[in-house]
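First up is the structure itself, then whatever we jot down about it.
The values are calculated or read from the model by the stated rules, or taken from the named source; none is laboratory data. All values derive from a computational prediction rather than experimental measurement. Note that we place each Cβ from the backbone using ideal geometry, even for glycine, and neighbour counts take in every protein chain shown. In case anyone asks, the SASA skips ligands and DNA or RNA and just uses the protein heavy atoms, side chains included. Shrake-Rupley method; radii C 1.70, N 1.55, O 1.52, S 1.80 Å.
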Amino acid sequence: MPITNQRVAAHRFLAGMYEDDYFPDRVVDRGSDILLRLCARVEADRPGDLTALYVLTHAATEEFNELEAAFEEAGSEIETTAREEIGEAFWFVAQAYGFADADPEELIAPREW
């Protein structure tokens, strides 16, 4: 499903990680895909409140938890820079879809990184 939100469609997720050689692009691509799938789910499901949004963001966060092993296998990890970049991406998604009052920590509450 193509992204219809123009703000999201024009956004480059995890740009800071792509610019840092410590993070392998092939693994960052997988993270970007997680975020794009999250956006597609938000557009398809149209969550009516924060609780419904958090269900979607928590599922995407769980995917990032699983992705951490791929970073480690590539000689990298989800460390401070990556945590901030990923957290900001989730915040961007919430804002782009009209959830201005979303709690940035709750968006990624099940994180293990």
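Put H11, H58 in order of accessible area, highest first, and with a 1.4 Å probe you get H11, H58. First check a/c for region 1-66, with a ≥ b ≥ c the square roots of the eigenvalues of its C-alpha gyration tensor; if it is under 1.5, answer rounded, and if not, answer prolate when a/b is larger than b/c or oblate otherwise. Cα axes put region 1-66 in the oblate bin.
How charged is the neighbourhood of D25? Take every other residue with its Cβ under 15 Å from the Cβ of D25, and add Lys/Arg as +1 and Asp/Glu as -1. It would help to have the intermediate numbers written out before the result.
Values: positive: R12, R26, R30; negative: E19, D20, D21, D29, D33, E73, E85.
Counting the neighbours of D25, the net charge comes to -4.
Among the protein heavy atoms, those of V27 account for about 10 Å² of accessible surface (1.4 Å probe, every chain in place). A Cβ-based charge dipole, computed about the Cα centre of the chain with Lys and Arg at +1 and Asp and Glu at -1, lands at about 620 debye. Rolling a 1.4 Å probe over the protein heavy atoms gives the chain an accessible area of 53 Å² per residue.
Based on the Cβ-Cβ distance of R83 and Q6, what FRET efficiency does E = 1/(1 + (r/R0)^6) give at R0 = 30 Å, to the nearest 0.05?
So the FRET efficiency works out to roughly 0.60.
With all protein chains in place and a 1.4 Å probe, the accessible surface of the chain carries 45 percent carbon and sulfur.
Counting only heavy atoms of the protein chains and using a 1.4 Å probe, E43 has close to 20 Å² of accessible surface. Relative to the current alpha-carbon distance between F92 and R37, full extension at 0.36 nm per residue lengthens the span by 18.4 nm.
Prolate is the label for region 68-113, because a/c, from the alpha-carbon gyration tensor with a ≥ b ≥ c as root eigenvalues, is 1.5 or above and a/b exceeds b/c.
If W91, W113 are ordered by their accessible area, calculated over protein heavy atoms with a 1.4 Å probe, which sequence runs from highest to lowest? Display every interim value, and only then the final one.
Details: W91 90, W113 25 Å².
Result of the area sort, largest leading: W91, W113.
With all pairs of different C-alpha atoms in the average, the Kirkwood value for the hydrodynamic radius of the chain is 14.1 Å.
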